[in-house]
Amino acid sequence: MKDFLFFVFKILIVTFIIAVVLDLVYSNAFSSSNNRGKIGYIFNSNPKKYDVVILGSSRANNHFVSQMFEDKGLKTFNFGMQGSKLFESDLVLKLLLENKNKIKNVIIDVDVTLRSGKNSEATILKFYPFLKSSSVIKTHFRHLPDFNLNYYIPFYRYLKYETKIGFREMFFCSINKKSKELNYGGYSALEKNKNKLEENLLGANPERSQYYEEIKQICKNNKINLIAVMTPMCENTKGINYFDKVQKLYPEIHNYENAVKEDKYFSSCGHMNDTGARLFTTQIIKDFFNK
């Protein structure tokens with residue numbers, strides 16, 4: 001019996017050592033690439049001086065054309081991410097500053113993300129490879145239900161989320177293979193959609209957000225000009241008064257819900273195509289950067 005228990009103990013020790021080694025290998029691969037995604041780009045690029053940083057969900061990622069700001073002489077990057085919520089936008093801003101980037105203006109899409117104060121279960125996976133190398137991420141994530149498992153058990157997070165940050169992604173990071181996410185200054189263009197467009201916001205109510213409040217305070221503390229906006233929706237949106245509710249809750253958020261109206265400028269009801277995004281970006285530049 002004693003021999004058996006000793007054998008089991010050795011197996012556990014070997015398994016633990018392998019897990020530690022794999023955790024280091026995977027984490028080092030992610031920490032060596034600035035071509036795979038926006039979070040790695042923040043960590044692994046030299047600090048920059050940005051005139052404009054764009055934050056938010058896909059409604060930021062697909063709506064603000066980085067190159068149009070660049071054409072005006074404004075150093076710009078769109079850090080909007082598909083599925084992102086204010087939880088992640090707050091963290092991206094903290095990481096940019098933690099990594100010594102200088103920022104003059106932040107444009108952030110704040111509208112439908114106010115329907116939920118939770119994090120995006122898909123988007124937070126992008127941050128997990130850097131969990132142990134960033135005190136900002138550690139602090140931001142410490143209240144998540146599975147924080148202790150992801151932080152203290154070596155290789156656990158890579159096993160649990162293998163489809164997103166597993167071997168394939170680690171390998172691409174190790175060879176520094178570039179992803180489309182960083183093309184065009186982080187802006188992702190959408191095509192036209194010939195299907196019927198509609199959205200239902202009936203009964204939706206915005207809530208005050210801890211993370212938006214943090215973003216405002218961070219910008220104030222670092223003398224960053226914060227431009228919070230609501231971006232356009234298609235014509236057939238039920239409950240469009242949701243945007244009025246947002247402005248009543250946060251009067252400083254600029255309402256551009258109807259800045260682009262016709263459905264021909266949309267890919268889906270909540271996302272403009274490239275033509276619509278360019279019309280919208282033109283309006284934003286005119287209103288905030290031509291003064």
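Since every read-out is calculated from the coordinates, none of them should be taken as a lab result. Please read these numbers as outputs of a predicted model, since none were measured by experiment. Note that each Cβ is placed from the backbone with ideal geometry, even for glycine, and that neighbours are counted across all protein chains shown.
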- [ ] Return a whole-number percent for the relative contact order of the chain, with Cα pairs under 8 Å and 6 or more residues apart as the contact set.
- [x] 24 percent
- [ ] Report, by chain and number, residues whose modeled amide H sits under 5 Å from the one on Ile107, excluding near sequence neighbours (fewer than 5 apart, same chain).
- [x] Val53, Ile54, Leu55, Ile227
Task: Angle in degrees between helix 2-30 and the longest Cα principal axis of the chain, rounded to the nearest 10 - done: 30 degrees
- [ ] Assuming a ≥ b ≥ c are the square roots of the Cα gyration tensor eigenvalues, decide whether region 93-148 counts as rounded (a/c under 1.5), prolate (otherwise, with a/b larger than b/c) or oblate.
- [x] oblate
Open item on the list: Can you work out the Karplus-derived ³J(HN,Hα) for every residue in region 221-234? Use 6.51 cos²θ - 1.76 cosθ + 1.60 with θ = phi - 60°, whole Hz, and x for glycine or proline.
Closed with: 5, 9, 6, 9, 6, 9, 10, 9, 9, 9, 9, x, 10, 5
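At a Förster distance of 51 Å, what's the computed FRET efficiency of Phe289 paired with Val14, Cβ-Cβ distance as r, to 0.05? The partial results should precede the final answer.
On the way: r = 59 Å, r/R0 = 1.16.
The calculated FRET efficiency here is 0.30.
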- [ ] In nm, give the distance between the simple-model label positions of Lys102 and Glu262, each being 7 Å from the Cα along the Cα-to-Cβ direction.
- [x] 4.4 nm
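Determine the calculated [θ] at 222 nm for the chain from helices alone, applying -39500 (n - 2.57) to every DSSP H run no shorter than 4 residues and normalising by the residue count; nearest 500 deg cm²/dmol. If you can, show how the numbers build up before the last one.
Values: 13 runs with 124 residues, N = 291.
Dividing the helical sum by the residues of the chain leaves -12500 deg cm²/dmol.
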Open item on the list: Taking the alpha-carbon distance from Lys264 and a cut-off under 29 Å, which lysines remain once sequence neighbours fewer than 8 residues away in the same chain are dropped?
Closed with: Lys72, Lys85, Lys180, Lys192, Lys194, Lys196, Lys238, Lys245, Lys286
Open item on the list: Please list, ordered by chain and number, the residues whose modelled amide H lies under 5 Å from the amide H of Ser267; skip anything fewer than 5 residues away on the same chain.
Closed with: Met272, Asn273
Task: FRET E, pair Phe171, Ser133, Förster distance 22 Å, beta-carbon r, rounded to 0.05 - done: 0.65
Open item on the list: Going Cα to Cα from Lys216, which aspartates and glutamates come in below 20 Å? Please leave out same-chain ones fewer than 8 positions away.
Closed with: Asp51, Glu88, Asp90, Glu98, Asp109, Asp111, Glu207, Glu252
Task: Within-13-Å neighbourhood charge of Phe171 [Cβ basis; K, R +1; D, E -1] - done: +1
Open item on the list: Using Cα springs under 10 Å in a Gaussian network model of the chain, which residue among Met68, Met81, Met170 shows the largest mean-square fluctuation?
Closed with: Met68
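What number in nm² do you get for the chain if you take the convex hull of its Cα atoms and divide its surface by four?
Numbers: hull surface 71.2 nm².
Averaging across all directions leaves 17.8 nm² for the Cα convex hull.
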Task: Gain on full stretching of the segment that runs from Glu121 to Asn205 - 0.36 nm per residue minus C-alpha separation - done: 28.1 nm
Task: Cα-based equivalent ellipsoid of region 46-169: semi-axis lengths in Å, sorted from largest, via gyration tensor - done: 27, 16, 14
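What number, in percent, do you get for the relative contact order of region 1-124 if the mean sequence gap of Cα pairs under 8 Å and at least 6 apart is divided by its residue count?
This gives 26 percent for region 1-124.
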Task: Derived scalar couplings ³J(HN,Hα) [region 269-283; Karplus, 6.51 cos²θ - 1.76 cosθ + 1.60; whole Hz; x for Gly, Pro] - done: 4, x, 9, 6, 7, 4, 5, x, 4, 5, 5, 5, 4, 4, 5
